[in-house]
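To start, the structure itself, in structure tokens.
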Amino acid sequence: MNTNRLSKTMSDGLNSQMTKEAAAAQIYLSYGAWADSEGYGGIANFLFRHASEERNHMMKFLEYILKRGAKVKVEAIPAPPQDPTDIQDCFEKVFQSEIDNTNAIYKLVKISFDEGDWATWHFLQWFVKEQTEEETLAMNLLDKIKIAGGKNASGDVLYELDRDLEKAPDEASLAETKTAENP
Ligand code: OFO
């Protein structure tokens, strides 16, 4: 009896998303190493924490594919892009890579919707929310850098940003999660 509960299109898509999450981890890892070598230990720490988050996402996909009785295909992870040129460029690239990942998740949501695969549709909603959070986080950081002078931000301001990011929460709080009791 066939116990695979995913269509071929769906399992191919989920498998390639699993690799995309691993690629996102590599991007954060390489930008973190770059930031550290430029002297921004706090920003590096923030980026390294995100690298582990992305690996957790990869595992979530792997576990889900297995849970639905389909085959996991572990594939090669593409190399991360070149190092950023400065801190603003670093967070612009982080933001762009989150947008790319969001678009890939949306494609999967569309496939699950078209197939009426509500289990997968439901599974993917966690990622839809996660991507919104990550985009918000990157957007907020870019705003901060812009206010601080963008590419011309002074060393003092970057020093402070570096210190803040060392211990900044990894999650952005979203307006939709606010309640009257917990604004
Ligand atoms: Fe996997 O959360 Fe961003 O990319």
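The values are calculated or read from the model by the stated rules, or taken from the named source; none is laboratory data. As the structure is a computational prediction, the values presented were derived from the model and not from experiment. A quick note on method: Cβ atoms are made from the backbone with ideal geometry, for glycine too, and the neighbour counts reach across all protein chains shown. All accessible areas refer to the heavy atoms of the entire protein, side chains included, with ligands and DNA or RNA removed. Shrake-Rupley method; radii C 1.70, N 1.55, O 1.52, S 1.80 Å.
Numbers for the structure displayed
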| read-out | value |
| --- | --- |
| Selection status of residue 135, in contact (Cβ under 8 Å) with a residue 60 or more places away in the chain and within 16 Å of the ligand (Cβ to nearest atom) | no |
| Top-ranked residue of the stretch 111-127 - restricted to ones that are surrounded by 14 or more Cβ atoms within 10 Å (Cβ to Cβ) and closer than 18 Å to residue 53 by Cα, ranked as farthest from the chain's Cα centre (by Cα) | 123 |
| Search result, residues across the stretch 48-94 that are in contact with a Gly (Cβ under 8 Å, 6 or more places away or on another chain) and open to solvent by 80 Å² or more (accessible area, probe 1.4 Å) | 48 |
| Qualifying positions in the stretch 133-169 - assigned to a helix (DSSP H, G or I), of a type in the set (Ser, Thr, Tyr) and surrounded by fewer than 16 Cβ atoms within 10 Å (Cβ to Cβ) | 159 |
| Options 108, 165, 161; residue that is under 16 Å from residue 42 (Cβ atoms), away from the ligand (no atom under 12 Å from the Cβ) and within 19 Å of the chain's Cα centre (by Cα) | 165 |
